[in-house]
Each structure stands twice: as structure tokens, then as C-alpha cells.
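Down below is the structure, laid out as C-alpha cells.
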Amino acid sequence: MVVILAAVMILVSDQLSNLAKETFQRLRPSHEPGLMVHLVNAYKGGEYGFYSGHATNNFSIAVFMIVLAGKRFKWIWMIALPYALLISYTRVYLGVHFPGDILAGAIMGSLIGYLFGRLMLYLKDIF
């Protein structure tokens with residue numbers, strides 16, 4: 001049940017970030033005219049970047065794991081959150097996201113992960 005709910009959570013977080021990108025249509029730094037951005041291997045990403053799907057997905061997974069396992073494994077946050085931060089930082093380093101894209105993605109991902117984690121705990125109690 002955890003794997004199925006985690007897969008649905010990633011689907012939801014990913015599609016919400018895609019919906020936000022198409023709704024807000026804010027250009028990525030790599031597509032912004034007049035902005036000089038260091039590109040790695042000429043990677044530019046898609047046209048729009050608000051908010052980061054990588055940040056959303058990774059923070060949703062991290063918070064989901066913390067909600068589910070945090071009481072038993074109190075140290076889990078020390079691995080999950082730095083990992084999500086590292087993956088998110090790479091998006092700024094690659095020049096495909098502004099820091100605000102990462103912050104918004106981290107907030108949305110954390111919210112989604114928390115809600116799905118609470119849902120999993122609720123479902124575990126009733127089944």
C-alpha cells in the first residue's frame with residue numbers, strides 16, 4: 001500500500017508542477033533573453049520553470065518518509081532533507097531554475113508529502 005500511495009504522490013506532485021509551469025509560464029533562467037547563465041553541457045530544460053518539479057518530487061518523498069518513519073527512525077530527516085536540498089540545488093547550478101522556483105517546489109513538495117504521509121497513516125489504521 002505504501003508503494004502504491006508513494007507512486008500516486010509522485011504522480012500528483014509532478015503533474016501539479018507541470019500545471020503550474022503552464023499556468024504561470026515564467027521562463028527558466030536558461031531561456032530568459034538578456035540573462036547570462038552558465039549552462040552545463042548546453043542543457044537548457046523546458047521553456048518554463050516555475051516551480052521546480054525536481055524540488056517538488058524530492059521534497060514530497062523526503063517528507064513522506066519522515067512522516068511515516070520519523071518516530072521509529074528519528075535520524076531519517078538527516079538523510080532525506082539534505083538529499084532533497086542537494087537535488088534541488090543542482091537545478092540552480094545547471095541554470096534551469098531560479099532559487100524561488102526551488103523554494104516554491106520545496107514548499108509544495110513538503111505539503112504534498114505531509115498530506116500523503118498523513119493519509120497513509122490514516123489508511124494503515126483503518127485497514
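The values are calculated or read from the model by the stated rules, or taken from the named source; none is laboratory data. All figures in this text were calculated on a predicted structure; none of them were measured in a lab. Ligands, DNA and RNA are excluded from the accessible area calculation, which covers all protein heavy atoms including side chains. Shrake-Rupley method; radii C 1.70, N 1.55, O 1.52, S 1.80 Å.
Conditions: (1) over 18 Å from Glu22 (Cα atoms); (2) within 16 Å of the chain's Cα centre (by Cα). Pro33 meets all but one. Number of the miss?
Failed condition: (2).
Among the residues of the range 81-97, count how many are within 12 Å of the chain's Cα centre (by Cα) and farther than 18 Å from Tyr48 by Cα.
Going through the range 81-97 one residue at a time, the tally reaches 6.
Select from the range 50-79 the residues that are over 30 Å from Gln25 (Cα atoms) and of a type in the set (A, V, I, L, M) and list them in ascending order. Talk me through it step by step, then tell me what you get.
Taking the range 50-79 first, the residues over 30 Å from Gln25 (Cα atoms) are 65-79.
Within the range 50-79, Met65, Ile66, Val67, Leu68, Ala69, Ile76, Met78, Ile79 qualify.
Counting only residues that are in a helix (DSSP H, G or I) and among the charged types (D, E, K, R), which one in the range 9-31 is least open to solvent (accessible area, probe 1.4 Å)?
Looking at residues that are in a helix (DSSP H, G or I) and among the charged types (D, E, K, R), I get Lys21.
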